[in-house]
1. Please list the non-local residues whose amide H lies under 5 Å from the amide H of residue 225, H modeled 1.01 Å from N, same-chain partners needing a gap of 5 or more.
2. Applying the Karplus parametrisation 6.51 cos²θ - 1.76 cosθ + 1.60 with θ = phi - 60° to the phi angles of segment 42-52, what ³J(HN,Hα) value in whole Hz is obtained for each residue in order, glycine and proline being reported as x?
3. Among 18, 114, which comes first, then next, by fewest other beta-carbon atoms within 10 Å?
4. Under a 5 Å amide H to amide H cut-off, with H placed in plane at 1.01 Å, what residues pair with residue 125 once short-range neighbours are removed?
5. Out of residues 5 or more away from residue 211 or on other chains, whose amide H comes under 5 Å of its own, with H placed 1.01 Å from N in the peptide plane?
6. Show me, for segment 25-30, the HN-Hα J-couplings you get by feeding each phi into the Karplus relation (A = 6.51, B = -1.76, C = 1.60, θ = phi - 60°), rounded to Hz, glycine and proline as x.
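Just so you know, all these numbers are worked out from the coordinates, no wet-lab data involved. What you see is a predicted model, and the numbers here were worked out from it, not measured in a lab. We place every Cβ from the backbone using ideal geometry, glycine too, and count neighbours over all the protein chains shown.
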Amino acid sequence: MGQQGNMKLARLTEGKYLVESVARALDVLETFRDSEELSLSEISRRVGLNKSRSFRLLHTLAERGYVEKIADGGRYRLGVKLFERAAHLGRDLRRIAQPFMRQLHEQFNETVNLGVIHDAEVLYIDILESSQAFRMAARAGSRMPIFSTSLGKAIAAHLPESEVANLLSAQQMPKSTKRTAAENQALRNELHAVRRRGYALDNEENEPGVACVGVPIFDHTGRVLAAISVSGPVGRILETQNRITRSLVSTCKEISGKLGFFESLEGGSNNSSKRVPLSRSEKTR
């Protein structure tokens, strides 16, 4: 069984089993950034296909509801079916994460948050509030800036460089508090530090008096999917930061495993996407 299983895995990972037409259709879907609308020429250029083939792919995807043709007939956007699929994923993520979130909640009695990046903001999809007399501004369904929250920074630190650049250009960079970083280079340096140490911190950057520790969750492809944070009054969180961080890292690793993510003993993963590059100073450390 072992040898047969290894042979099967080898076959599945060989390039000859890639269905080229499916890969091209996925290329078309992935060329859209959030809610942007693109012309046939723009899509063809981005995916590197001629207009005739791009049109056929778009027509097929439109027939299934995964893209929509704008009323003017010249532009396309992502369709409702894709967002329906994403909604199912969000429910599955919440279902898988909730037992682990409850464990963190019972361990620290602080607020535990689950969030994703959606439309260039952090979207809170589940929150377990502390029973202690302290309330955060965030509620399930609310949105916050990416780069002033530990959830947002934990996710953004593991996104491809091109996506980080898009998010930075889309942000108005509001200073939620006097500690909020608003310069692109400072934010990039922070993302480098987050990726290097494996967790993100928000020390009164989003709300005065509030601190958070956030850790990313990865899907079966190794792409960052979401993050969980523990938040509370800055004094309590910083006093127990090391314990919170250890528990969060272990918890998010378990959730990622439930989603099919694995890491090799050499520290690699089943993810080949290009992430935010290390700065020159980091490469020498």
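1. Hits under the 5 Å cutoff: 217, 218, 219.
2. 5, 5, 4, 5, 5, 8, x, 10, 6, 5, 4
3. Values: 18 9, 114 25.
The most exposed by this proxy come first: 18, 114.
4. 114, 115, 116, 141
5. 204, 232, 234
6. Taking θ as phi minus 60°, the curve returns 5, 5, 4, 4, 4, 6 Hz for segment 25-30.
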